[in-house]
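Data first, discussion second: the structure below is written as C-alpha coordinates.
The values are calculated or read from the model by the stated rules, or taken from the named source; none is laboratory data. Treat the numbers as computed from the prediction; the structure is a model and nothing was measured. Cβ placement follows ideal geometry from the backbone for every residue including glycine, while neighbour counts extend to all protein chains displayed. Each accessible area value is taken on the protein alone, full model and side chains, heavy atoms only, with ligands, DNA and RNA left out. Shrake-Rupley method; radii C 1.70, N 1.55, O 1.52, S 1.80 Å.
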Amino acid sequence: MSQAPEVGVALFIFKDNKVLFGCRRSLSIAAYTYALPGGHLEFGESFEECALREVKEETGLDIKNIELLTASSNLLSDTVHVVVIYMRAYLSDTNQMPQNIEPDKCEGWEWYELNNLPEPTFGPLKAMLDGGFNPFPAVT
(Lines give C-alpha, C1' and ligand atoms only; values in the text may rest on other atoms or scores of the structure.)
Protein backbone atom coordinates (compact mmCIF):
# COMPACT_ATOMS: atom_id res chain seq x y z
CA MET A 1 0.00 0.00 0.00
CA SER A 2 1.38 3.41 -0.94
CA GLN A 3 1.40 6.38 1.37
CA ALA A 4 -0.91 9.27 0.60
CA PRO A 5 -0.07 12.92 1.28
CA GLU A 6 -1.80 14.79 4.07
CA VAL A 7 -3.86 17.78 2.91
CA GLY A 8 -4.03 20.93 4.96
CA VAL A 9 -5.55 24.37 4.58
CA ALA A 10 -3.66 27.47 5.77
CA LEU A 11 -5.06 30.98 5.98
CA PHE A 12 -3.52 34.37 5.42
CA ILE A 13 -5.78 36.45 7.68
CA PHE A 14 -5.27 40.18 7.28
CA LYS A 15 -5.68 43.07 9.71
CA ASP A 16 -4.15 46.52 9.18
CA ASN A 17 -1.69 45.17 6.56
CA LYS A 18 -0.50 42.48 8.96
CA VAL A 19 -0.87 38.69 8.87
CA LEU A 20 -1.71 36.37 11.77
CA PHE A 21 0.99 33.84 12.76
CA GLY A 22 1.32 31.40 15.63
CA CYS A 23 4.23 29.34 16.93
CA ARG A 24 3.29 25.66 16.63
CA ARG A 25 4.10 23.19 19.39
CA SER A 26 5.65 19.75 18.97
CA LEU A 27 2.38 17.98 18.15
CA SER A 28 2.16 19.38 14.64
CA ILE A 29 4.00 18.92 11.36
CA ALA A 30 5.27 22.51 11.63
CA ALA A 31 6.60 21.95 15.16
CA TYR A 32 8.48 24.86 16.73
CA THR A 33 7.97 27.11 13.71
CA TYR A 34 5.70 30.07 13.08
CA ALA A 35 2.83 29.22 10.79
CA LEU A 36 -0.54 30.45 9.61
CA PRO A 37 -3.78 29.29 11.21
CA GLY A 38 -5.10 26.15 9.58
CA GLY A 39 -5.11 22.41 9.72
CA HIS A 40 -6.11 19.11 8.17
CA LEU A 41 -8.85 18.90 5.59
CA GLU A 42 -11.53 16.52 6.89
CA PHE A 43 -13.20 13.95 4.65
CA GLY A 44 -16.02 15.58 2.64
CA GLU A 45 -15.07 19.12 3.65
CA SER A 46 -14.61 21.96 1.16
CA PHE A 47 -11.52 24.17 1.47
CA GLU A 48 -13.75 27.01 2.69
CA GLU A 49 -15.43 24.83 5.33
CA CYS A 50 -12.04 23.66 6.56
CA ALA A 51 -10.80 27.26 6.72
CA LEU A 52 -13.79 28.43 8.76
CA ARG A 53 -13.58 25.45 11.13
CA GLU A 54 -9.83 25.53 11.70
CA VAL A 55 -9.62 29.28 12.26
CA LYS A 56 -12.52 29.16 14.73
CA GLU A 57 -11.05 26.11 16.55
CA GLU A 58 -7.56 27.60 16.82
CA THR A 59 -8.17 31.33 17.26
CA GLY A 60 -11.86 31.88 17.98
CA LEU A 61 -11.97 34.34 15.07
CA ASP A 62 -14.83 34.67 12.61
CA ILE A 63 -13.65 35.27 9.05
CA LYS A 64 -15.20 36.27 5.74
CA ASN A 65 -14.34 36.67 2.05
CA ILE A 66 -12.34 33.43 1.90
CA GLU A 67 -10.40 33.09 -1.35
CA LEU A 68 -8.21 30.36 -2.77
CA LEU A 69 -4.68 31.64 -3.45
CA THR A 70 -2.40 28.73 -4.32
CA ALA A 71 -1.30 25.25 -3.30
CA SER A 72 2.05 23.67 -2.60
CA SER A 73 3.20 20.06 -2.47
CA ASN A 74 5.90 19.53 0.15
CA LEU A 75 7.94 16.42 0.82
CA LEU A 76 9.13 17.19 4.35
CA SER A 77 10.84 13.86 5.02
CA ASP A 78 10.96 10.28 3.75
CA THR A 79 7.61 9.67 5.43
CA VAL A 80 5.83 13.05 5.46
CA HIS A 81 4.26 14.54 2.32
CA VAL A 82 1.99 17.53 2.87
CA VAL A 83 -0.15 19.38 0.35
CA VAL A 84 -1.06 22.84 1.64
CA ILE A 85 -3.96 24.81 0.22
CA TYR A 86 -3.29 28.49 0.90
CA MET A 87 -6.25 30.81 1.25
CA ARG A 88 -6.85 34.44 2.13
CA ALA A 89 -9.53 35.78 4.48
CA TYR A 90 -10.50 38.85 6.45
CA LEU A 91 -11.92 39.29 9.93
CA SER A 92 -15.73 39.47 10.04
CA ASP A 93 -15.32 42.07 12.78
CA THR A 94 -12.02 43.96 12.86
CA ASN A 95 -12.32 44.39 16.64
CA GLN A 96 -11.89 40.65 17.23
CA MET A 97 -8.76 39.51 19.01
CA PRO A 98 -7.24 36.07 18.40
CA GLN A 99 -7.38 33.69 21.35
CA ASN A 100 -5.10 30.74 21.95
CA ILE A 101 -7.86 28.12 22.13
CA GLU A 102 -5.51 25.15 21.61
CA PRO A 103 -2.50 25.92 23.85
CA ASP A 104 -1.31 22.32 23.53
CA LYS A 105 -0.83 22.94 19.78
CA CYS A 106 0.20 26.61 19.61
CA GLU A 107 2.06 29.05 21.87
CA GLY A 108 -0.15 31.98 20.82
CA TRP A 109 -1.17 34.25 17.94
CA GLU A 110 0.30 37.60 16.90
CA TRP A 111 0.00 39.97 13.94
CA TYR A 112 3.16 40.44 11.81
CA GLU A 113 4.09 42.52 8.80
CA LEU A 114 4.84 40.30 5.83
CA ASN A 115 8.31 41.82 5.41
CA ASN A 116 9.11 41.21 9.10
CA LEU A 117 8.01 37.66 9.79
CA PRO A 118 8.84 35.80 12.99
CA GLU A 119 11.57 33.17 12.88
CA PRO A 120 11.70 30.36 12.27
CA THR A 121 8.83 30.44 9.77
CA PHE A 122 7.45 27.08 8.56
CA GLY A 123 9.89 26.03 5.80
CA PRO A 124 7.58 25.61 2.79
CA LEU A 125 5.74 28.83 3.62
CA LYS A 126 9.00 30.76 4.01
CA ALA A 127 10.33 29.40 0.71
CA MET A 128 7.12 30.40 -1.08
CA LEU A 129 7.20 33.93 0.35
CA ASP A 130 10.96 34.30 -0.25
CA GLY A 131 10.28 33.24 -3.85
CA GLY A 132 8.09 36.29 -4.35
CA PHE A 133 4.59 35.00 -3.57
CA ASN A 134 2.42 37.89 -2.38
CA PRO A 135 -0.78 36.95 -0.54
CA PHE A 136 -2.08 40.52 -0.43
CA PRO A 137 -4.77 41.45 -2.95
CA ALA A 138 -3.55 43.10 -6.13
CA VAL A 139 -4.05 46.85 -6.20
CA THR A 140 -5.54 48.01 -9.48
Inset, instruction - Working from Cα positions, state the angle (0 to 90°, nearest 10) between the long axis of helix 47-59 and the longest principal axis of the chain. - result: 70
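Nearest 5 percent is fine: what portion of the DSSP beta bridges confined to the chain is antiparallel? Can you show the working numbers first?
Values: 22 of 32 bridges.
The antiparallel fraction comes to roughly 70 percent.
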Inset, instruction - Please give the solvent-accessible surface of ASP78 in Å², to the nearest 10, using a probe radius of 1.4 Å with every protein chain present. - result: 150
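Would you list GLU45, GLU6 from the most to the least accessible area, probe 1.4 Å? Please report the intermediate quantities before stating the final value.
Details: GLU45 35, GLU6 75 Å².
Highest to lowest solvent-accessible surface, that is GLU6, GLU45.
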Inset, instruction - Provide the net charge surrounding GLY22, with neighbours chosen by a C-beta distance below 11 Å and charges set as Lys +1, Arg +1, Asp -1, Glu -1. - result: -1
Inset, instruction - Output the relative contact order of the chain, whole-number percent, from Cα pairs under 8 angstrom with separation of 6+ residues. - result: 31
Legend entry - Label selected from (1) 48, 31, 28; (2) 41, 41, 25; (3) 80, 51, 15, the criterion being Cα extents along the principal axes in Å as computed here: (1)
Legend entry - Computed accessible area, ILE63, all protein chains, 1.4 angstrom probe, square angstrom: 20
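As an exercise, identify the chymotrypsin sites (Phe, Trp or Tyr not before Pro) in region 1-110 lying in DSSP coil whose Cβ has no more than 15 other Cβ atoms within 10 Å.
On the way: sites: PHE12, PHE14, PHE21, TYR32, TYR34, PHE43, PHE47, TYR86, TYR90, TRP109; in loops: TYR32, PHE43.
Filter output for region 1-110: TYR32, PHE43.
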Legend entry - Computed [θ] at 222 nm, deg cm²/dmol, the chain (DSSP H ≥ 4; -39,500 (n - 2.57); rounded to nearest 500): -4500 deg cm²/dmol
